[in-house]
1. Say whether the condition of being surrounded by 15 or more Cβ atoms within 10 Å (Cβ to Cβ), in contact with a helix residue (DSSP H, G or I) (Cβ under 6 Å, 6 or more places away or on another chain) and either farther than 28 Å from B:Ile22 by Cα or of a type in the set (Ser, Thr, Tyr) (or both) is met by at least one residue in the range B:250-257.
2. Is it true that some residue in the range B:191-206 is under 19 Å from the mean Cα position of the chain (by Cα), open to solvent by 40 Å² or more (accessible area, probe 1.4 Å) and over 30 Å from A:Leu240 (Cβ atoms)?
3. Just to be sure before I move on: is A:Ile31 within 22 Å of the chain's Cα centre (by Cα), surrounded by fewer than 18 Cβ atoms within 10 Å (Cβ to Cβ) and not polar (S, T, N, Q) in the structure I sent?
4. Which of the residues that make up the range A:212-229 are within 8 Å of another protein chain (Cβ to nearest Cβ) and either out of contact with any helix residue (DSSP H, G or I) (no Cβ under 9 Å at 6 or more places or on another chain) or open to solvent by 10 Å² or more (accessible area, probe 1.4 Å) (or both)?
5. The conditions are (1) out of contact with any Ser or Thr (no Cβ under 6 Å at 6 or more places or on another chain); (2) away from chain A (no Cβ under 14 Å); (3) touching a residue at least 40 places away in the same chain (Cβ under 8 Å), and B:Asp80 fails exactly one of them. Which is it?
6. Just a yes or no: is a residue in the range B:211-223 under 19 Å from B:Thr61 (Cβ atoms), open to solvent by less than 10 Å² (accessible area, probe 1.4 Å) and part of a loop (DSSP other than H, G, I, E, B)?
7. Which of the following residues is touching a residue at least 24 places away in the same chain (Cβ under 8 Å), under 30 Å from B:Phe101 (Cα atoms) and part of a helix (DSSP H, G or I): A:Ile275, A:Ile247, A:Ile191?
Amino acid sequence: MNWYLRIRKLIQKKFPNNKFLHRYFGLIAFIIVGIISLFIGNHVNEFWQRLIILSAIYVIMAVGYNFSNGVAGQFSLDPNAYAAIGAYVAALLTMSPETKENVFILEPVMKPFDKIQLPFLIATLIGGLAAAFSAFLIGIPSFRVRGDYLAIITFGFGEIINVIANNLVSLTNGALGLKGIPEYTTLAWAIGWAIFSVFFLWHLTNSQVGRILKSIREDEIAAEATGINVFRWKLFAFTLSGFFIGIGGALFAHYLTTISPQVFTFFLTFNLLIIILIGGLGSIVGSAIAAVLFTFAFEILRVFEEGIHIGHINIPPIPGLRMVVFAILLIALMIFRPQGLFGDKEVSIK
Amino acid sequence: MEKIYVDPLDPHYILELDHIWIKFGGLIALKDVTFKVKKGEIFGLIGPNGAGKTTLFNIITGVYRPTSGKVFFDGDDITDLKAYERVWIGISRTFQNIRLFKNLTVLENIMTVFHFKKLQKWGPFFVKFLDIFPYKWWEAGLALPKFFKFEEKLEEYALELLKIVGLEDYWDWKASSLPYGKQRKLEIARALATNPKLLLLDEPAAGMNPQETSELMEFIRKIRDEFNLTIILIEHDMKLVMGVCETIAVLDHGELIALGKPEEIKNNKRVIEAYLGEAI
């Protein structure tokens, strides 16, 4: 029995008649976490505040990625593509026409985008939908293969999007990237979206939909023999995960205010992969917590790069040392807890 | 043996195979197999290893398309339906090597199955999909009250089914941690959860001791009567086949060599030859 089930049992024992609490204790818990992090974010300096925003963005992308990779078990390697699509689409929609005119020095912006300027929420949603649509399109041919082959195909798609971003100058401004994106991603937006995505995907994972996807992960042939249209459900998981990664990408763009193809290389995928492995494949709450740990660990481990002075021993600053330390921590995790912090344990509603 | 002519409109038969051929490259796995299965009977499919029994199962459940020939189910031509669509119209199966959703609990294994659509006949085609999925995916994601209501209902149904097969005490076990015989039972229960008319059991008694086998015999009869099923089973355990089946078909090298009541099969010369070899 996992810790969360215990909490639920406790709630049911303490408040036997409060059905609302039985059903929505997860939502209440997430909102409390959100309010606490909002409160903390408003009372620390800007460095930590930005770190909280970044971790919230990673939470969105990680839970989205875990939905297709962990819950449905379709090992794909292209979240960077969906993040890029979400980011570029949303950024093009929120930048003012004047900024676009100034930024696009190589070629003018493609036609409908040069005049459009939309509010942030709508732009984010459109970015997410664009990413979802591209995930849908890439899913149709990709799901003819499975396992390692799927990973290779999707990896290729991630790289293709990167090449397109470098060369479709009238939309992406090529390698120069987009500059002057309005900094709309505030603490509240980031945390709000993070809570929504964790809540949504967490419930979905614990519903019939989640069970169907898990059954596909466990045994595709048996799933088909119980009447599951495996292809359709895989495509569904892939599309939905593309949507949330796209949302994350859109928020990321409005957090960095400058995006270029270099932001969305395979390293982003790699980071997300580490996060969902730390959190446990198939555990939504686990990958959310892992995303926060990962982002903060990445900054806190900077200590190692500043040089260490113990007594008479002086170790000079070594740039990049934190990556080594991080790798060692990961290896330790894989040795002592190969299933991730949370395994595939998920909180369930009963 | 005498020639059988398939009449797709005969309401007494649930499954009719009409001159099924299947070739894998140069290998002919099934050669002109034709037989009918009566509604409500327990039909045995036997034959030496490599005779094509499991291939025949795969054709009935839609894993393979026959090279030529047709499959009729309940009077309808289902040759072109996909494997999952055949589950929707009422064909369900178990596997030779148990295929459970290993990391899910026993209850979840059953609950997963309560989701499918129903195919409906429209003229000569199956067209109308009647979705009986209890709620939409976004209703689940947003955790609307409907989602919780149906979730509780699904659980109730699943527990009821587990009670019938005698697994209710194990509902929160991981499927892979169940003992072997119970895993078999769970797989049958999962097949039953799709509400089938025709149940195909692929070697249900494999690896069971005599005690468990005789229990299984009782169990098969019980579910047939309780769920109003037709059952086709592949089995090597002759005691079980002769004890429980009402009609038996014998396959050898992809050919149907005998079809009839257990007593007839026991004394059939070609069957004895297929199993023991020809007399010199």
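1. First, pick out the residues of the range B:250-257 that are surrounded by 15 or more Cβ atoms within 10 Å (Cβ to Cβ): B:250-257.
Then drop every residue that is not in contact with a helix residue (DSSP H, G or I) (Cβ under 6 Å, 6 or more places away or on another chain), which leaves B:250-252, B:257.
From what is left, the residues that are either farther than 28 Å from B:Ile22 by Cα or of a type in the set (Ser, Thr, Tyr) (or both) are none.
Checked against the condition, which is being surrounded by 15 or more Cβ atoms within 10 Å (Cβ to Cβ), in contact with a helix residue (DSSP H, G or I) (Cβ under 6 Å, 6 or more places away or on another chain) and either farther than 28 Å from B:Ile22 by Cα or of a type in the set (Ser, Thr, Tyr) (or both), the range B:250-257 yields no hits at all.
2. We begin by selecting, within the range B:191-206, every residue under 19 Å from the mean Cα position of the chain (by Cα); these are B:191-206.
Restricting the remaining residues to those that are open to solvent by 40 Å² or more (accessible area, probe 1.4 Å) gives B:195, B:197.
If we keep only those that are over 30 Å from A:Leu240 (Cβ atoms) too, we end up with B:197.
Yes, that holds for at least one residue.
3. Details: within 22 Å of the chain's Cα centre (by Cα): yes; surrounded by fewer than 18 Cβ atoms within 10 Å (Cβ to Cβ): yes; not polar (S, T, N, Q): yes.
It is true that A:Ile31 is within 22 Å of the chain's Cα centre (by Cα), surrounded by fewer than 18 Cβ atoms within 10 Å (Cβ to Cβ) and not polar (S, T, N, Q).
4. A:Lys214, A:Glu218, A:Asp219, A:Ile221, A:Glu224, A:Ala225, A:Asn229
5. B:Asp80 satisfies all of (1) out of contact with any Ser or Thr (no Cβ under 6 Å at 6 or more places or on another chain); (2) away from chain A (no Cβ under 14 Å); (3) touching a residue at least 40 places away in the same chain (Cβ under 8 Å) except (3).
6. Taking the range B:211-223 and keeping what is under 19 Å from B:Thr61 (Cβ atoms), we get B:220, B:223.
Add one more test, that the residue is open to solvent by less than 10 Å² (accessible area, probe 1.4 Å), and what stays is B:220, B:223.
Still in the running and part of a loop (DSSP other than H, G, I, E, B): none.
The answer is no, given that none of the residues of the range B:211-223 is under 19 Å from B:Thr61 (Cβ atoms), open to solvent by less than 10 Å² (accessible area, probe 1.4 Å) and part of a loop (DSSP other than H, G, I, E, B).
7. Details: A:Ile247 fails: under 30 Å from B:Phe101 (Cα atoms); A:Ile191 fails: under 30 Å from B:Phe101 (Cα atoms).
Going through A:Ile275, A:Ile247, A:Ile191 in turn, the sole match is A:Ile275.
This table checks each residue for (1) at pLDDT below 90; (2) of a type outside the set (Lys, Arg).
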site	(1), (2)
A:Asn166	no, yes
A:Leu171	yes, yes
A:Gly192	no, yes
A:Asn206	yes, yes
A:Lys214	no, no
A:Glu220	no, yes
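The values are calculated or read from the model by the stated rules, or taken from the named source; none is laboratory data. Given the structure is predicted, the values throughout are model-derived calculations rather than measurements. Neighbour counts run over all protein chains shown; Cβ positions are idealised from the backbone, glycine included. Heads up: the accessible areas ignore ligands, DNA and RNA and are worked out on the full protein's heavy atoms, side chains in. Shrake-Rupley method; radii C 1.70, N 1.55, O 1.52, S 1.80 Å.
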